[in-house]
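Peer 1: Sharing a structure with you now.
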Amino acid sequence: MAVDEKLQTLRHSCSHVMAEAVLHLFPGTKIAIGPAIDTGFYYDFDFPKDKKFSDADFPAVEKEMRKILSGNHEFVRREVSKDEALALFKDQPYKLDLIQKLGSGETISVYEQDGFLDLCRGPHVASTKEINAQAFKLMKVAGAYWHGDSSQPMLTRIYAACFAKPNDLKDYLKMLEEADKRDHRKLGVQLDLFHLDPEDPGQIFWHPNGWSMYVTLQDYMRDKVRRDGYVEVNTPAIMPRTLWERSGHWGHYQQNMFITESEKRMFAIKPMNCPGALEIFKSRPRSYKDLPLRMAEFGHCVRNEPSGTLHGIMRVRGFVQDDAHILCTEEQIEAEVTKFCHLLKNVYKDFGFDKSLLVKLSTMPDDHVGDEATWQHAEQALGAACKSAGLDYEVQPKEGAFYGPKLEFTLIDALGRQWQCGTIQLDYQLPSADRLNAEYIGADNQRHHPVMLHRAVLGSLERFMGILIENYAGAFPAWLHFEQAAVVPVGQDFNEYALTVERTLQEAGIRCKAYTDDDNMKSKIKSIVSGHKTPYILVVGQKERDEGTVTVRFRADSGLEQKTFALEDFKAYVLEKVNSHYNGI
């Protein structure tokens, strides 16, 4: 058994201990499910009507759990018939619901420890002595509908962190503390980047500072794809129902689409860009000589995500993708995927993510279209292209889309958290005669359907901005920062020179602000350091004005302290850093 599987088994076993403790403390509670998750486990409960569980109850539950663990109780498994299971859990309606949904002939097992009985497939640790009483902690309470269905009862979900060793828990809690400091929602306010309006859920109001960075990020990607052989296109925000029906989205994705009507016709605000790209491809006759055709689009998409799933700018309803669709032949698949992998690696390198990249190849699912030979060819091409780009990958069996396999790229941030961002998907279906019927004339003078590669490097620009805010803790590299330089005069007599420096740098394309208000120099510097985390603070006084220089205070993470530059030399220094997209200051 792999180490991760052992840890998941331990976590699931600890969830049973928590359920037992809850039943001890709150008789009459109904229990639902308690699976292991990435950092611990959760368990769903239906508490008596006179009990509203809150985090104030955590200490009592934890104390009771440790009391149970001290007893060294075995986890005993036994198999039972469906009738026996129904009798054993006659007072637990959620367990009865699960039992009734089991298929005929399916094995039913129960686990018992210290008199607590639960319906469970397992596995579990041998006994409670394997669970370290100092390596778990109850974390939060949330609401959760039974079966995730809003028509079902709302249950109380208790989340817990759980690890094999106390030090692992301490490290995790320390990471959470640091993550809280880096929370993009807090820093978004502190740095005046954006705000979110509860009256308009899932939509972002970008302020000048945040929009400056957003545009910089978009322009950066625009330049990257242009140099990599893409043409940029733009497709309508609203497209007719008939198109979405032919693409398949109306039948499979309508619940996530915003629908509108005009002149007795139905339209949808686009949740994705691919049908529009194919409409451009089909707008005139195409030849094999036109392929591969790489169409990039910074397309604004809107998806009707449930309000409860929204999270800052990480999960929104309105967003822009650094999207592209590559139309190519079968023979060009491997070369195009290799080319994309190189592009993605270069982009991530500029953000410091190139040394911590995970790649997964998702293969043919049980529910798929197309023959196995085509799938095998596609999977082999994706895998070979990934290797050719110098990337190793892990196979995710049966996790591909129904229309084709895909590569998923996950970066790891400064806190060790994983974010799945980039992807490239191989699609034989959307260009087919059964869908949008894209065609080109081949070298044999016959009509053929191209293969379509859907790909994104950053994914949602909004989400990637959130990742960057938290990864850098607001201390962005100079090329990306909304305020690359701040000019601080040592006194009011030097405001005019400070404004001259500001103007000179701005004319060179450097984002710069002169702080000529009435505060003293120390207060200004303190505010700039804590508030904007500006890479370069230029202090100017008598000497600097007389000599045409600036004394530069570097941000703490640069490893540099202070240096005096001629103004023109400093301008050249910053432009070199910015133009090279150097991941630092």
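The values are calculated or read from the model by the stated rules, or taken from the named source; none is laboratory data. Just so it is clear, the structure is predicted and the values come from calculations on it, not from any experiment. A quick note on method: Cβ atoms are made from the backbone with ideal geometry, for glycine too, and the neighbour counts reach across all protein chains shown. Note: accessible area is taken over every heavy atom of the protein model, side chains too, but ligands, DNA and RNA are not part of it. Shrake-Rupley method; radii C 1.70, N 1.55, O 1.52, S 1.80 Å.
Peer 1: Could you check, for the range 377-393, whether at least one of its residues is open to solvent by less than 40 Å² (accessible area, probe 1.4 Å), hydroxyl-bearing (Ser, Thr, Tyr) and touching a strand residue (DSSP E or B) at 6+ places or on another chain (Cβ under 9 Å)?
Peer 2: Checked against the condition, which is being open to solvent by less than 40 Å² (accessible area, probe 1.4 Å), hydroxyl-bearing (Ser, Thr, Tyr) and touching a strand residue (DSSP E or B) at 6+ places or on another chain (Cβ under 9 Å), the range 377-393 yields no hits at all.
Peer 1: Counting only residues that are closer than 10 Å to Met272 by Cβ and modelled with pLDDT under 85, how many does the range 244-258 have?
Peer 2: Total satisfying the criteria: 0.
Peer 1: I'd like the full set of residues that are in contact with a helix residue (DSSP H, G or I) (Cβ under 9 Å, 6 or more places away or on another chain), buried (at least 18 other Cβ atoms within 10 Å of the Cβ) and farther than 26 Å from Gly318 by Cα, limited to the range 147-202.
Peer 2: Once the filter is applied, which keeps residues that are in contact with a helix residue (DSSP H, G or I) (Cβ under 9 Å, 6 or more places away or on another chain), buried (at least 18 other Cβ atoms within 10 Å of the Cβ) and farther than 26 Å from Gly318 by Cα, the range 147-202 yields Leu155, Ile158, Ala160, Ala161, Cys162, Phe163.
Peer 1: Let me ask something else about it. I want to confirm something. Restricting to the range 7-59 and keeping residues that are in a helix (DSSP H, G or I) and open to solvent by 50 Å² or more (accessible area, probe 1.4 Å), which single residue is nearest to Gln152 (Cα to Cα)? Spell out how you get there, then give the answer.
Peer 2: Within the range 7-59, the first condition is being in a helix (DSSP H, G or I), and the residues that meet it are 7-25, 55-59.
Within this subset, residues satisfying the condition of being open to solvent by 50 Å² or more (accessible area, probe 1.4 Å) are 8, 24-25, 55-56, 59.
Details: Gln8: 28, His24: 26, Leu25: 25, Asp55: 24, Ala56: 27, Pro59: 30 Å.
The qualifying residue nearest to Gln152 (Cα to Cα) is Asp55.
Peer 1: Suppose we filter Lys282, Lys264 for residues that are open to solvent by 70 Å² or more (accessible area, probe 1.4 Å) and in contact with a Leu (Cβ under 9 Å, 6 or more places away or on another chain); which single one remains?
Peer 2: Lys282
Peer 1: Within the range 82-107, how many residues are open to solvent by less than 80 Å² (accessible area, probe 1.4 Å) and within 21 Å of Leu25 (Cβ to Cβ)?
Peer 2: Residues flagged as open to solvent by less than 80 Å² (accessible area, probe 1.4 Å) and within 21 Å of Leu25 (Cβ to Cβ) within the range 82-107 amount to 5.
Residue-by-condition table, conditions (1) closer than 21 Å to Lys571 by Cβ; (2) in contact with a strand residue (DSSP E or B) (Cβ under 8 Å, 6 or more places away or on another chain):
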| position | (1), (2) |
| --- | --- |
| Val487 | yes, yes |
| Cys512 | yes, yes |
| Asn520 | no, no |
| Lys526 | no, no |
| Val529 | no, yes |
| Lys543 | yes, yes |
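Peer 1: On to the next question. Mind listing just one residue for me: the one in the range 289-315 that is touching a residue at least 24 places away in the same chain (Cβ under 8 Å) and over 24 Å from Lys406 (Cα atoms) and, of those, surrounded by the most Cβ atoms within 10 Å (Cβ to Cβ)? Reasoning before the result, please.
Peer 2: Within the range 289-315, the subset touching a residue at least 24 places away in the same chain (Cβ under 8 Å) is 290-305, 307, 310, 312-315.
Those left that are additionally over 24 Å from Lys406 (Cα atoms): 290, 304, 307, 310, 312-313.
Values: Asp290: 14, Asn304: 16, Ser307: 10, Leu310: 16, Gly312: 19, Ile313: 26.
Applying the filter and picking the extreme gives Ile313.
Peer 1: Hey, can you tell me all the residues within the range 340-364 that are hydrophobic (A, V, I, L, M, F, W, C) and assigned to a helix (DSSP H, G or I)? It would help to see each step written out before you state the result.
Peer 2: So the first thing to find is which residues in the range 340-364 are hydrophobic (A, V, I, L, M, F, W, C), and the list is 340-341, 343-344, 347, 351, 353, 357-359, 361, 364.
Residues satisfying the conditions are Phe340, Cys341, Leu343, Leu344, Val347.
Peer 1: Pairs needed: first member in the range 464-482, closer than 11 Å to Ala414 by Cβ; second member anywhere, aliphatic (A, V, I, L, M); C-beta distance under 6 Å; at least 6 residues apart or different chains.
Peer 2: Close Cβ pairs (under 6 Å, with a partner that is aliphatic (A, V, I, L, M)) amount to Asn471/Ala414.
Peer 1: Residues in the range 244-261 that are without any contact (Cβ under 8 Å) to a residue 40 or more places away in the chain, surrounded by 15 or more Cβ atoms within 10 Å (Cβ to Cβ) and of a type in the set (A, V, I, L, M, F, W, C): how many?
Peer 2: Matching residues across the range 244-261 total 2.
Peer 1: I would also like to ask the following. Please specify each residue of the range 163-192 satisfying the condition of being outside any helix (DSSP H, G or I) and more than 19 Å from the chain's Cα centre (by Cα). Show your work before the answer.
Peer 2: Taking the range 163-192 and keeping what is outside any helix (DSSP H, G or I), we get 163-165, 183, 191-192.
Hits for the range 163-192 are Phe163, Ala164, Lys165, Leu191, Asp192.
Peer 1: Select from the range 484-500 the residues that are surrounded by fewer than 22 Cβ atoms within 10 Å (Cβ to Cβ) and in a loop (DSSP other than H, G, I, E, B) and list them in ascending order.
Peer 2: Val490, Gly491
Peer 1: Counting only residues that are in a helix (DSSP H, G or I) and open to solvent by less than 50 Å² (accessible area, probe 1.4 Å), which one in the range 61-81 is nearest to Ala126 (Cα to Cα)? Outline the logic, then answer.
Peer 2: Our first condition is that a residue be in a helix (DSSP H, G or I); within the range 61-81, this holds for 61-69.
Now drop any that are not open to solvent by less than 50 Å² (accessible area, probe 1.4 Å), which leaves 61-62, 64-65, 68-69.
Numbers: Val61: 23, Glu62: 21, Glu64: 20, Met65: 17, Ile68: 15, Leu69: 13 Å.
Among them, the one singled out is Leu69.
Peer 1: Still on this structure, I have one more. Restricting the search to the range 203-242, which residues are part of a helix (DSSP H, G or I), of a type in the set (A, V, I, L, M, F, W, C) and either without any contact (Cβ under 8 Å) to a residue 40 or more places away in the chain or open to solvent by 30 Å² or more (accessible area, probe 1.4 Å) (or both)?
Peer 2: Pass one, the range 203-242, residues part of a helix (DSSP H, G or I): 208-227, 241-242.
Restricting the remaining residues to those that are of a type in the set (A, V, I, L, M, F, W, C) gives 211, 213, 215, 217, 221, 225.
Passing the criteria: Trp211, Val215.
Peer 1: Which residues, counting only those in the range 92-114, are of a type outside the set (A, V, I, L, M) and either in contact with a Pro (Cβ under 6 Å, 6 or more places away or on another chain) or at pLDDT 95 or above (or both)?
Peer 2: Taking the range 92-114 as the starting set, the residues that turn out to be of a type outside the set (A, V, I, L, M) are 92-95, 97, 100-101, 103-107, 109, 111-114.
Once the filter is applied, which keeps residues that are of a type outside the set (A, V, I, L, M) and either in contact with a Pro (Cβ under 6 Å, 6 or more places away or on another chain) or at pLDDT 95 or above (or both), the range 92-114 yields Gln92, Pro93, Tyr94, Lys95, Asp97, Ser109, Tyr111, Glu112, Gln113, Asp114.
Peer 1: Please go through the range 243-267 and pick out each residue that is assigned to a loop (DSSP other than H, G, I, E, B) and within 23 Å of Ile280 (Cβ to Cβ). Can you show your working first?
Peer 2: Just the residues of the range 243-267 that are assigned to a loop (DSSP other than H, G, I, E, B), to begin with: 248, 253, 257, 263-264.
Within the range 243-267, Gly248, Tyr253, Met257 meet the criteria.
Peer 1: With respect to Ala443, determine if the residue is of a type in the set (Gly, Ala, Ser) and either open to solvent by 20 Å² or more (accessible area, probe 1.4 Å) or touching a residue at least 40 places away in the same chain (Cβ under 8 Å) (or both).
Peer 2: Criteria met by Ala443.
Peer 1: Moving on. Looking only at the range 108-146, filter to residues that are among the aromatic types (Phe, Trp, Tyr) and more than 25 Å from the chain's Cα centre (by Cα); which one of those is surrounded by the most Cβ atoms within 10 Å (Cβ to Cβ)?
Peer 2: The first filter runs over the range 108-146 and keeps only residues among the aromatic types (Phe, Trp, Tyr), leaving 111, 116, 136, 145-146.
Add one more test, that the residue is more than 25 Å from the chain's Cα centre (by Cα), and what stays is 111, 116, 136, 146.
Working: Tyr111: 20, Phe116: 18, Phe136: 26, Trp146: 18.
That would be Phe136.
Peer 1: Another question, if that's okay. Look at Gly276 and say whether it is closer than 18 Å to Leu436 by Cβ and either in contact with a strand residue (DSSP E or B) (Cβ under 6 Å, 6 or more places away or on another chain) or part of a strand (DSSP E or B) (or both).
Peer 2: Values: closer than 18 Å to Leu436 by Cβ: yes; either in contact with a strand residue (DSSP E or B) (Cβ under 6 Å, 6 or more places away or on another chain) or part of a strand (DSSP E or B) (or both): no.
So Gly276 does not fit the description; no.
Peer 1: In the list Leu344, Leu361, which residue meets the criterion of being surrounded by fewer than 21 Cβ atoms within 10 Å (Cβ to Cβ), touching a Gly at 6+ places or on another chain (Cβ under 7 Å), at pLDDT 90 or above and more than 30 Å from Ser307 (Cα to Cα)? Lay out the reasoning, then the answer.
Peer 2: Numbers: Leu344 fails: surrounded by fewer than 21 Cβ atoms within 10 Å (Cβ to Cβ).
Of Leu344, Leu361, the one residue that is surrounded by fewer than 21 Cβ atoms within 10 Å (Cβ to Cβ), touching a Gly at 6+ places or on another chain (Cβ under 7 Å), at pLDDT 90 or above and more than 30 Å from Ser307 (Cα to Cα) is Leu361.
Peer 1: Working only within the range 267-279, note down all residues that are open to solvent by less than 30 Å² (accessible area, probe 1.4 Å), more than 18 Å from the chain's Cα centre (by Cα) and more than 22 Å from Arg447 (Cβ to Cβ).
Peer 2: Result: Ala268, Lys270, Asn273, Gly276.
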